[in-house]
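The values are calculated or read from the model by the stated rules, or taken from the named source; none is laboratory data. It should be emphasised that the depicted structure is a prediction, and the values quoted were computed from it without experimental measurement. Every residue, glycine among them, receives a Cβ derived from its backbone with ideal geometry; neighbour counts consider all protein chains shown.
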Amino acid sequence: MGLPYGVSVSPRPRRLDHLLSACGYCSRSDARLWLHGGRVTVDGKPTTDPDQRVDPNRVRIDGEPVESPDGIVALFNKPPGRVCTHEEGTTPNIYQLLPERWTARNPAIASVGRLDKDATGLLVMTDQGDLIHKWTSPRHHVPRVYEVTVDKPLDPALVPQFASGELPLPGDPDPCRPAKLEITGDCTARVELTEGRYHQVKRMFAGQGWQVLSLHRVRFGEFEIGDLAPGAWRIVPLPPE
Ligand code: URA
C-alpha cells in the first residue's frame, strides 16, 4: 500500500530539532521541550536528544507521522473576501483558513501567484520556492482556467479576439498571449490563459467593454479544483524533480 498524501520516502537523516522547526511544529529552541514532554518518538520509542539525526519516516509527533517532511504542495479552494497575503494586519486573509503549522514552516508556505480578494477557486500552496518560481515564471506558460460571469451577454466575436495574441490589456504596452475563450452561457464563459498578469481576466474583458462580476479558477497547471469545497484544502504529492 502507498504512503498517505504528504508522507514521502525520505531516507535523508535530519536533526530532530531542525525537522520539527522546518515542518512548523515548534521553534528549534522549543524542540527540547517537545522532546522532554514525550511528544516525539523514533521507531515508537520516546527520544529526548534534539541533535539526533533521524530518517523523518521513523518519527512520530503526538503519534502522527511528520507532515510533508520533504516539502509541501497543497490545493486550496479560496472563498471570496480573502486576501492572498502574509502581511500582518491584512485580514481577512487566506492563511487564517489554513493550518497554523503551515505558516510556521521554514520556509513558510505561500500561494503560487494570487487571486483577487473577490475571486474564488484554486490556489496552489507550497513551501518550495523553486516550484513557485517555475509555476509563476512568464517563460513557462502554465495554463490557468477561469469560469467567469460578466455583466451583459457575451459576443462570439470575442472568441477570435481573445485567441489572436493581439488583445490589448488596458494600461499595459504588451498584448495578451493567445487565450481560449469558450462562451458557456449568455453571460458566462471559461477562459484559459497561459500567463498571469495583474487582474488579467478582468482587464481583458474590461478592455472590450464587459465587466467581470465573478471569477472562479478551476485549474492551475496540472491541478484541478475538482470537488474541493470552498475553504477546504488537500495535500498532494510533490511533483517529481
Ligand atoms: N485575473 C483577474 O482579473 N483576477 C484574478 O484574481 C485572477 C486572474
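Within the stretch 91-104, is even one residue within 13 Å of the ligand (Cβ to nearest atom) and either among the polar types (S, T, N, Q) or out of contact with any Lys or Arg (no Cβ under 9 Å at 6 or more places or on another chain) (or both)?
No; the residues of the stretch 91-104 include none that is within 13 Å of the ligand (Cβ to nearest atom) and either among the polar types (S, T, N, Q) or out of contact with any Lys or Arg (no Cβ under 9 Å at 6 or more places or on another chain) (or both).
Would you confirm whether any residue within the stretch 128-143 is of a type in the set (Gly, Ala, Ser) and within 26 Å of GLY231 (Cα to Cα)?
Yes, the stretch 128-143 has at least one match.
Looking at the stretch 162-178, which of the residues that are among the charged types (D, E, K, R) and in a loop (DSSP other than H, G, I, E, B) is surrounded by the most Cβ atoms within 10 Å (Cβ to Cβ)?
Here the answer is ARG177.
One residue is enough: does the stretch 174-186 have a residue meeting the conditions under 23 Å from SER214 (Cβ atoms) and of a type in the set (Gly, Ala, Ser)? Working first, answer last.
Step one: filter the stretch 174-186 for residues under 23 Å from SER214 (Cβ atoms), giving 176, 179-186.
Imposing the further condition that a residue be of a type in the set (Gly, Ala, Ser) reduces the set to 179, 185.
The answer is yes, given that some residue of the stretch 174-186 is under 23 Å from SER214 (Cβ atoms) and of a type in the set (Gly, Ala, Ser).
Only residues in the stretch 157-172 that are among the β-branched types (Val, Ile, Thr) count as the first member; pair them with residues that are surrounded by 10 or more Cβ atoms within 10 Å (Cβ to Cβ), Cβ under 8 angstrom, at least 6 apart or cross-chain, and list the lot.
As it stands, the answer is VAL159/LEU181; VAL159/GLU182; VAL159/ILE183, since those pairs meet every condition given.
With the condition kept exactly as written, say whether any residue in the stretch 69-87 is free of Cβ contacts under 8 Å to residues at least 60 places away in the same chain, surrounded by fewer than 20 Cβ atoms within 10 Å (Cβ to Cβ), more than 16 Å from the ligand (Cβ to nearest atom) and not assigned by TED's automatic domain parsing to the domain that holds HIS216.
yes
Considering every residue within the stretch 116-134, establish whether at least one is part of a loop (DSSP other than H, G, I, E, B), under 11 Å from the mean Cα position of the chain (by Cα) and within 16 Å of the ligand (Cβ to nearest atom). Break it down stepwise before answering.
First, the residues of the stretch 116-134 that are part of a loop (DSSP other than H, G, I, E, B): 116-119, 127-128.
Now drop any that are not under 11 Å from the mean Cα position of the chain (by Cα), which leaves 127-128.
Right, trim to within 16 Å of the ligand (Cβ to nearest atom) and you get none.
No, that holds for no residue.
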